[in-house]
Amino acid sequence: MYPKSFKRLIDHFSSLPSVGPKMAERLVLFLFKQNEEKLLNFGKSLENLKNDLHYCRQCFNISEEDLCLICKDKTRDKEKICIVEEPLDIIAIEKTRKYFGLYHVLGGTLETLFGKNFPQNPLKIEALLKRLKEFSFQEVILATNPTTEGDTTALYLMKIIRPTGVKITRLARGLSTGGDIEYADEITLGSAILNRK
């Protein structure tokens, strides 16, 4: 139905998160309609992705240099560190303009195996513990997602960070602004009551 090169691109786009076959078709068709210069620039950016970007050696955020922009920023609050699952979580928190401390990206969550201990995991937990020993943080903010995996990871981190004596906090949960209480589910409403100010 499609030329081979067109189909190959559809397959590549379909392999991306949240991109189904129909969306992939639209994206490939959109790119096909672009002028050559724009398309070549797009291709060059993809080609250079692994050369131009890497993880910050300190917090594991995405960076073009050895240290990311946040770790290099001298105005950041060096007494607070916010632990997140992925670099995109940093972007979401930064958009709030309410947090001015440092970050640490885990690179995912712990996956529990039924009846077994935590498996070997490539998470940046050892690097986190090293940072906590080297620097005098006053607060560790656990900003993992409110999912089973995120909660499990947060509980595990609390357990291993608690002996350091640093204050540990977790992001509050509750009702969204503009929402009606009568439509809130029990878990969200319960969380809002427990985390009231």
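The numbers here are math on the coordinates, done by the rules we state, and not lab data. All figures in this text were calculated on a predicted structure; none of them were measured in a lab. Cβ coordinates were reconstructed from backbone atoms using ideal geometry, including for glycine residues, and neighbour counts include every protein chain displayed.
At a glance:
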read-out	value
Per-residue HN-Hα couplings for the range 150-156 [Karplus 6.51, -1.76, 1.60; θ = phi - 60°; Hz; x = Gly/Pro]	x, 5, 4, 5, 4, 5, 4
Long-range amide H partners of Asn61 with built H, under 5 Å	Cys56, Val105
Sequence-distant residues sharing a close amide H with Ile168 (under 5 Å, placed H)	Val140
Electrostatic dipole magnitude of the chain [Cβ: Lys, Arg +1; Asp, Glu -1; Cα centre; debye, to 20]	320
Using θ = phi - 60° and Karplus 6.51 cos²θ - 1.76 cosθ + 1.60, couplings along the range 65-70 (whole Hz; Gly, Pro as x)	10, 4, 10, 6, 4, 6
Selected from Val140, Gly174, Thr153, residue furthest toward positive end of dipole (the range 136-179; charges at beta carbon)	Val140
Residue among His12, Tyr99, Gly165 farthest towards the positive dipole end of the chain, charges placed on Cβ	Gly165
Vicinal HN-Hα couplings computed from phi for the range 8-13 (Karplus, 6.51 cos²θ - 1.76 cosθ + 1.60; Hz; Gly/Pro x)	4, 5, 4, 4, 5, 5
Cα-projected label distance for Glu65 with Phe6, points at 7 Å along beta-carbon direction, nm	4.6
Estimated distance in nm for a label pair at Leu194 and Thr164, the labels positioned 7 Å out from Cα along Cα-to-Cβ	2.4
Using alpha-carbon coordinates, inclination of helix 87-96 to the longest axis of the chain, degrees	70
Degrees between helix 21-33 axis and first principal axis of the chain (Cα, 0 to 90, nearest 10)	60
